[in-house]
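Input: a single structure, listed below in structure tokens.
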Amino acid sequence: MAMEETMGTSAAPATAEAEAGATETTQLETAETASTETATAEAGTITYPIAPGYRVNVRSGPSTTSKLIKVLPYNTRVPIRCQRRGQKISGPYGTTDIWDSIAPGQYVSDAYVNTGSDGFITVVCGG
């Protein structure tokens, strides 16, 4: 289940979703790099590292069935605005139903973000 949320380090696509979305991923890479750099450049923003060796999908909601917004590049750090419960995902940092909002309408599974905690680290997202 967790592999649906990432692309691993191997040369071959990690999942069927990754294979089917290869074109979509390529188109999104340029925009994602710029937005990630902007997010981490903001003064005083606390950011958290994505698991090494993973390119994590950013979704419009807290599930793998939500629209793919972009794919984060390797070695990305993300701000966490708020968190909410959603689909349970297994990843390098465990199995969890917590999803992190990294920007308005943009979520990544907490199973791929090194927050140092198995629980919520910030406020619950509204709505």
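The values are calculated or read from the model by the stated rules, or taken from the named source; none is laboratory data. For clarity, every value in this text was computed on a predicted model and none was experimentally measured. So basically every Cβ, Gly included, is an ideal-geometry build from the backbone, and we count neighbours across all protein chains shown. These area figures cover heavy atoms from the full protein model, side chains too; ligands, DNA and RNA do not enter into them. Shrake-Rupley method; radii C 1.70, N 1.55, O 1.52, S 1.80 Å.
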Output for the stretch 64-79, where each listed residue is outside any strand (DSSP E or B) and buried (at least 17 other Cβ atoms within 10 Å of the Cβ): Thr64, Ser66, Leu72, Thr76
Residue check for Ser90: touching a helix residue (DSSP H, G or I) at 6+ places or on another chain (Cβ under 9 Å) and in a strand (DSSP E or B): yes
Selection count, the stretch 96-105, where residues are surrounded by 17 or more Cβ atoms within 10 Å (Cβ to Cβ) and over 11 Å from the mean Cα position of the chain (by Cα): 2
Residue ID - nearest to Thr47 (Cα to Cα), chosen from residues in the stretch 80-95 that are open to solvent by less than 20 Å² (accessible area, probe 1.4 Å) and out of contact with any Phe, Trp or Tyr (no Cβ under 7 Å at 6 or more places or on another chain): Cys82
Residue ID - surrounded by the most Cβ atoms within 10 Å (Cβ to Cβ), chosen from residues in the stretch 106-122 that are touching a residue at least 40 places away in the same chain (Cβ under 8 Å) and within 12 Å of the chain's Cα centre (by Cα): Ser109
Qualifying positions in the stretch 33-74 - within 23 Å of Thr122 (Cα to Cα) and modelled with pLDDT under 95: Ser35, Thr36, Glu37, Thr38, Ala39, Thr40, Ala41, Glu42, Ala43, Gly44, Thr45, Ile46
